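S.K.: I have a structure here, written as structure tokens, and I will follow up with some questions on it.
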Amino acid sequence: MTAPVQATLGPQEKDLLIKQIPALKGKKILIIGDVGLDEYVMGQVRRISPEAPVPVLEVDGEDKRLGLAANVAQNVASLGGIPMMVSVVGHDMGASLLKELSEKNGVSWHYMIVDKHRPTTRKTRIMTGHHHLVRVDYEMKKYLSEETEQKLLAMVEKHVGEADGVIIEDYAKGVVSRNVVEKVAAICKKAGKRLMVDPNPNHPGTHYQGIDLIKPNYNEAVALTGYSFDDLKDNPNKVVEVGRALQRVTGAKEVVMTRGKDGMTIFSGDQITEVPTYAQKVFDVTGAGDTVIAALALGLVSGLSLVHSCMLANNAAGVVVGKVGCVPCEIPELIEYINEVH
């Protein structure tokens, strides 16, 4: 079994990453996946309702953010790239709010498809401080109609030639069917574009056959390969075993497995490389995976190696986990963060 190589972020690597950041500017990433609106209603609870035994939230603030694959798109934009967000929304207020927020954050609405028979995904979190009282979801978890799916694939085929790289971001809301993955993989292969996938463990690994790179976290990788945690608990090489299995199941040459405080394990052909985490403060991991796939894709299409692209992505993730909610990584923050890593 090939022994993993340990990658380190020394002065040379830091200098390389910082010098590469301007090269991300203008790189086009075509993103296919489920989009949504994250809404936050925040306030104080000081009493129980006289109408029912429930807390009364006295609202003192509201916030709306891009969620799901739209957060990947805004991370591409904030890092200097140009996101081409291909997805499906409803004909409703959620879509109007999402459009306004997308355009404000540098995400074009040009590639969006409207299906009046589906609601736009919205997740409304009612919060006091950092505590959730309740979450209200507006969504339809079913695959697209044949007509809408064909429109989505036609949009990808029409614009893939403009893109430097392609991401499928699967939140299992219905956009990323097996047929979509298969057809997009064929389109990318024909166009000579690298296809990267941020998978969902609700789908088996075979759902993603034909892709070039897959980026699960460890728990997702276990689910995708069909292992159980009991099968692996006494295996000292379980990370390697799962990564290799995922390469076999999906046919992907490259697997980037994120492992929280243990960093990343990268499988590229026969080579295995460990990249440590650079997170200094962790407040909220929400959206960190979106930041990782955005930075990873931009690094690769700008000419960085896979290992250096993962280092860039790990630093970008370190920035966003120090914040609350789905927020993008900005270039000045990223440069400062890389400089501060010990």
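S.K.: Given a cut-off of 25 Å, what percent of all Cα-Cα pairs of the chain lie beyond it?
M.R.: Value for the chain (Cα pairs over 25 Å): 52 percent.
S.K.: Cα atoms only: what Rg and Dmax, in Å, come out for the range 184-246?
M.R.: For the range 184-246, the Cα-based Rg and Dmax read 13.3, 44 Å.
S.K.: Could you please report the charge total around residue 199, scoring K, R as +1 and D, E as -1 over all other residues with beta-carbon less than 10 angstrom from its beta-carbon?
M.R.: Result for the neighbourhood of residue 199: -3.
S.K.: Please identify the DSSP H helices in the chain that span no less than 15 Å along the helix axis (Cα) and have a mean Kyte-Doolittle hydropathy of 1.0 or more. Working shown, then result.
M.R.: Numbers: long enough: 93-104 (17 Å, -0.14); 146-159 (20 Å, -0.98); 178-191 (20 Å, 0.13); 238-250 (18 Å, 0.11); 288-301 (20 Å, 1.89); 306-320 (21 Å, 1.24).
Going by DSSP H runs, the hits are 288-301, 306-320.
S.K.: Mind running the shape call on the range 1-136? Use the C-alpha gyration tensor, a ≥ b ≥ c as the square roots of the eigenvalues: rounded below 1.5 for a/c, prolate if a/b tops b/c, oblate otherwise.
M.R.: Oblate, since a/c reaches 1.5 and b/c is not below a/b.
S.K.: So, counting K/R as plus one and D/E as minus one, what does the shell of residues with Cβ under 10 Å around residue 145 add up to? If you can, show how the numbers build up before the last one.
M.R.: Details: positive: 118, 142, 151; negative: 115, 146, 147, 149.
Once all neighbours under 10 Å are counted, the net charge is -1.
S.K.: When a/c reaches 1.5 or more, the comparison of a/b and b/c decides; with that in mind, is the range 137-250 rounded, prolate or oblate per its Cα gyration tensor? Display every interim value, and only then the final one.
M.R.: Values: a/c = 2.85, a/b = 1.61, b/c = 1.76.
In terms of gyration-tensor shape, oblate.
S.K.: Show me 173-181, 51-59, 211-219 ranked by packing, highest mean number of other Cβ atoms within 10 Å first.
M.R.: Averaged packing, sorted descending, gives the order 211-219, 173-181, 51-59.
S.K.: Okay, next question. Top mean-square fluctuation among 40, 111, 227, Gaussian network model of the chain, C-alpha springs under 10 Å?
M.R.: 227
The numbers here are math on the coordinates, done by the rules we state, and not lab data. Everything numeric here is computed off the predicted structure, so don't read it as measured data. Reconstructed Cβ throughout: ideal geometry from the backbone, glycine too, with neighbour counts over all protein chains shown.
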